[in-house]
Structure formats: C-alpha cells, structure tokens
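The values are calculated or read from the model by the stated rules, or taken from the named source; none is laboratory data. Values in this document were obtained by computation on a predicted structure and should not be read as measured data. No Cβ is skipped: glycine too gets one built from the backbone with ideal geometry, and neighbour counts run over all protein chains shown.
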Amino acid sequence: MNEIPQTTQWAFIDEAGDPHLGLHKKNVSSFYVVCAVLVDENAKDAIAAKVDQVRSKFCGKGELKSSNIGGNLARRKDVLNALVATGIKFCAFVVDKNDIDATSGLQYKKSFIKYLHGRLYKRLYRAFASLHVVADEHGSPDFMDGFRKYMEERYQKELFDHADCRFANSATEPLVQAADIIAGSLLRVYSGSDPDDVLALLSGSAIIIERWPPNIKRPDVLGEIEDKERHDHLVAQQGIMLARDFFATNVGSDDPRIEVQVETLRYLLFRYEVDPAQYVYTDEIIRHLNKFTPEPITHQTFRAQVVGKLRSQGVIIASSNKGYKIPNTAQNMDSFVSLVSGVVIPYLKRLSMARQQLLLASKGSYDAVDAQKYAELSECLKCVEQSRFPQLPQPNNVVTEESPLGEELDE
C-alpha cells in the first residue's frame with residue numbers, strides 16, 4: 001500500500017527500553033519501543049517551536065526526557081497533554097521481548113536494533129514517497145554509519161522522490177525529545193508501571209501502535225473463573241488468538257487485497273489496545289485505510305473484500321450499529337449473532353415464500369432454488385421451511401437490509 005503524501009514528511013525517532021533479550025538479568029526491560037513523530041515539512045518548524053515551548057515550561061533549559069519524569073504519573077500526564085495539544089502525530093512499534101526466542105540472532109544488540117528499527121522504517125518508506133528520518137544517536141559513530149548503510153541497502157531501493165536517514169543529538173531536536181517522551185510512556189504502560197489511561201490519553205495523536213510479535217494484551221487467566229465470566233474469557237481469548245495468527249501469517253504480503261485486510265486488522269488491534277470495549281465506526285476505518293491505498297475504498301468493497309474475507313479466514317470480528325471490533329465479551333458476539341439473524345433469516349423466509357409460490361404455480365416443475373445449482377442455499381431453505389415459526393417477524397421487530405445494522409453486515 002503506497003500513500004501519496006501532499007508534502008515531504010519528517011520522522012523524528014527515538015526509543016525506550018534496552019535491546020537485550022536476557023530478561024532474567026537485572027534492569028533488562030521486558031518491552032522495547034520505537035516511536036516516530038511524524039510532521040509535514042511545511043509544519044515542521046511551527047510544531048517544533050510548540051514542542052520546544054513545552055520543553056521550556058516543564059524542563060527549563062533541560063531536555064524533555066521520559067527518564068527524568070520517571071514514576072511521577074501526574075507530571076507525565078501533564079507533559080503528554082501538552083504535547084498532544086501541539087498537534088503532533090506519531091506511530092510506534094512496541095516489541096514484547098517475552099515472545100522472542102532468546103537464542104535467535106536478535107540476542108545481539110546491533111542485530112536487534114537493525115531489525116526492529118528496520119521494520120518501522122520500512123513502513124514509513126512504503127507510506128511516504130518523500131521522507132526524511134532523524135533518529136536519536138545509537139552507540140558509536142562506526143555503528144551509526146553501518147546502520148545508515150543498512151537502511152539505504154534494505155529500504156531505499158524503491159522509487160522515492162527523496163528519502164534519507166541521519167542521526168542527531170536529541171538535545172538539539174525538540175521533536176526527537178517528543179518521541180522520547182512518547183516512547184518512554186508507552187514502555188511504562190506496556191510494562192505495567194503506569195495505567196492504561198496514559199495510552200488512552202495518547203490515542204488522539206497516535207496514527208498506529210503496532211505490537212511485535214503480533215500480540216495484544218492477553219486476557220487475564222484467573223485460577224478460578226466464575227461461570228458467568230467463562231464465556232467472556234473464551235471470546236476474548238479466541239478473538240485475540242485468531243487475529244494474531246492472521247496478522248502474523250499475512251503481514252508483509254505483496255497482495256494489495258491482503259495488505260488492506262492486514263491494515264484493517266492492525267487498526268482494530270490498535271483500537272482494542274486503547275479501549276477493548278469500544279466499537280470502531282466503518283467510516284473511521286475506511287478513512288484510515290484510504291491514507292495508504294491508491295484508490296479510495298468504498299463501503300461495499302470494505303464489507304465484502306475486507307471484513308468478509310477476514311471472517312472467511314476465521315478471524316472473529318464483531319459488528320453492530322456502532323461499527324466493528326475484536327470481540328472481548330459474549331455480549332459482543334450476541335450483538336453480531338443478532339445482526340446476522342435479523343438480516344439473514346428474513347431474507348431466507350422471503351426467498352422461501354417466493355420459491356414455494358412458484359413451485360405451486362408451476363405444479364412442481366420450476367424450482368427457483370435448484371438443489372444442484374444452489375445446494376447449500378437449498379439446504380438452508382429446507383430448514384427454514386421446516387421451522388415451527390414460518391411467519392416473518394413484524395417489521396418493527398426485525399433488522400432489515402435498509403437499516404444501519406443491515407448495512408454493517410459484510411457481503
């Protein structure tokens with residue numbers, strides 16, 4: 001998927017956590033976060049000035065650094081609110097080191113940074129035809145020079161109007177400092193040091209927060225789950241697992257259709273991270289997708305070729321008149337079942353009535369739903385016709401194809 005931006009983009013990048021997999025060692029973080037603050041070239045100076053004002057307000061002559069805020073949650077929220085108010089946007093890559101094989105090549109610091117930063121940079125280079133990357137310094141000059149060459153070889157071979165990558169001292173770059181604060185804040189949330197409402201606070205500025213390996217918060221597995229909670233836990237567990245499996249299998253696909261499905265799932269997983277209970281309206285998802293697709297996606301295409309295909313691959317996506325979501329409760333699934341029942345059953349009953357009328361009029365010689373041509377549909381109609389409740393529901397009790405609920409059903 002290639003976005004065609006209106007202006008040259010700048011990405012200011014910093015990280016939080018350490019690039020080590022030895023989680024048994026003291027002071028080794030269980031997560032690693034890379035954050036890219038994104039600004040248009042024509043707005044860069046103005047936003048940088050606003051961020052510098054935030055720095056001056058909270059730090060005087062010092063830098064904006066997450067490590068300086070530490071566990072002072074109230075101060076961190078004040079700083080983040082001020083940064084969000086500047087209008088900055090960011091994307092982040094959150095690495096759960098618990099899910100990485102400690103004996104893999106990523107156990108080496110240089111390989112860890114090159115590979116994981118590279119995943120973020122690849123997304124940026126694919127999204128923007130004209131891009132400048134300014135990253136915080138990493139280690140020795142020799143390493144930084146090698147990393148720059150690695151990026152050029154791996155991710156700048158496509159056709160770009162312009163793309164470069166340079167390193168800078170964060171003390172001279174307010175937007176790198178903003179990336180530091182955001183990355184550090186995400187690290188604290190995912191590590192469990194700060195509450196989830198910090199993540200919600202950042203949601204207005206977040207373009208996407210991608211977790212790698214592709215996993216989102218696991219549902220809490222309680223030693224003794226109450227009966228009324230078992231189904232909720234099952235739905236949440238399966239919803240997360242199936243979404244993760246599809247994402248892991250298909251991320252990086254060169255098929256444009258699969259790319260749109262992966263990006264949709266990526267966005268739904270991100271919104272689940274922010275608020276597991278919230279549905280996401282169709283228009284919001286489509287607006288996000290249209291940032292990356294050369295041709296606008298219509299509602300019909302989205303329902304049939306994106307949501308419908310994901311569901312056909314076994315991904316569980318709940319829907320209601322409020323939109324779509326990864327389900328986390330049995331009530332989410334009940335809403336989806338009600339939606340399907342309210343649309344599909346009336347359709348089948350209407351088709352059955354028409355079929356039976358034509359069978360009668362033709363004295364059995366014409367079956368509009370031929371059993372050989374429409375074998376599955378024919379079996380469904382038999383079940384409907386044998387139902388003890390053959391009458392259609394009253395109009396005010398059914399979700400029709402013209403209603404908002406009907407429009408949410410994938411085709």
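See the values below:
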read-out: Residue in the range 97-109 that is closer than 25 Å to V198 by Cα and either of a type in the set (F, W, Y) or surrounded by fewer than 17 Cβ atoms within 10 Å (Cβ to Cβ) (or both) present; value: yes
read-out: Residue, modelled with the lowest pLDDT, within the range 1-47, restricted to residues that are touching a strand residue (DSSP E or B) at 6+ places or on another chain (Cβ under 6 Å) and hydroxyl-bearing (S, T, Y); value: T7
read-out: Residue under evaluation Q53, criteria (1) among the polar types (S, T, N, Q); (2) at pLDDT 95 or above; (3) within 16 Å of G17 (Cα to Cα), criterion not met; value: (3)
read-out: Total residues in the range 251-264, condition over 16 Å from A304 (Cβ atoms), touching a residue at least 24 places away in the same chain (Cβ under 8 Å) and buried (at least 20 other Cβ atoms within 10 Å of the Cβ); value: 2
read-out: Residue match in the range 336-344 (condition: of a type in the set (A, V, I, L, M, F, W, C) and more than 26 Å from R271 (Cβ to Cβ)); value: yes
read-out: Pair list, Cβ under 9 Å, 6 or more apart: the range 66-90 residue in the same structural domain as D180 (by TED's automatic domain parsing) and among the acidic types (D, E), other residue at pLDDT below 95 and part of a loop (DSSP other than H, G, I, E, B); value: none
read-out: Checklist (1) at pLDDT 85 or above; (2) within 30 Å of N290 (Cα to Cα) applied to E407, failing item; value: (1)
read-out: Qualifying positions in the range 69-89 - under 22 Å from the mean Cα position of the chain (by Cα) and either part of a loop (DSSP other than H, G, I, E, B) or surrounded by 17 or more Cβ atoms within 10 Å (Cβ to Cβ) (or both); value: L80, V84, G87, I88
read-out: Residue list for the range 90-126, filter: of a type outside the set (A, V, I, L, M, F, W, C) and assigned to a loop (DSSP other than H, G, I, E, B); value: D101, T103, S104, Y108
read-out: Residue selected from the range 203-240 under the condition at pLDDT 80 or above and of a type in the set (D, E, K, R), by the criterion surrounded by the most Cβ atoms within 10 Å (Cβ to Cβ); value: R211
read-out: First in the range 338-359 and closer than 16 Å to C380 by Cβ, second anywhere and in a helix (DSSP H, G or I) and β-branched (V, I, T), Cβ under 7 Å, 6 or more apart; value: L348/V384; K349/V384; S352/V384
read-out: Pair list, Cβ under 9 Å, 6 or more apart: the range 204-219 residue of a type in the set (D, E, K, R), other residue assigned to a loop (DSSP other than H, G, I, E, B) and at pLDDT 65 or above; value: K217/D196; K217/P276
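Here's the yes/no breakdown for (1) in contact with a Gly (Cβ under 8 Å, 6 or more places away or on another chain); (2) assigned by TED's automatic domain parsing to the domain that holds D245; (3) surrounded by 18 or more Cβ atoms within 10 Å (Cβ to Cβ); (4) outside any helix (DSSP H, G or I):
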| position | (1), (2), (3), (4) |
| --- | --- |
| K291 | no, yes, no, yes |
| P296 | no, yes, no, yes |
| R311 | no, yes, no, no |
| I316 | yes, yes, yes, yes |
| D334 | no, yes, no, no |
| V340 | no, yes, no, no |
| Y347 | no, yes, no, no |
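Listed here are the residues, each with its yes/no results for (1) surrounded by fewer than 15 Cβ atoms within 10 Å (Cβ to Cβ); (2) outside any loop (DSSP other than H, G, I, E, B).
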{"position": "W10", "(1), (2)": "no, yes"}
{"position": "P19", "(1), (2)": "no, no"}
{"position": "K25", "(1), (2)": "yes, no"}
{"position": "A36", "(1), (2)": "no, yes"}
{"position": "A48", "(1), (2)": "no, yes"}
{"position": "R55", "(1), (2)": "no, yes"}
{"position": "G62", "(1), (2)": "yes, no"}
{"position": "S67", "(1), (2)": "yes, yes"}
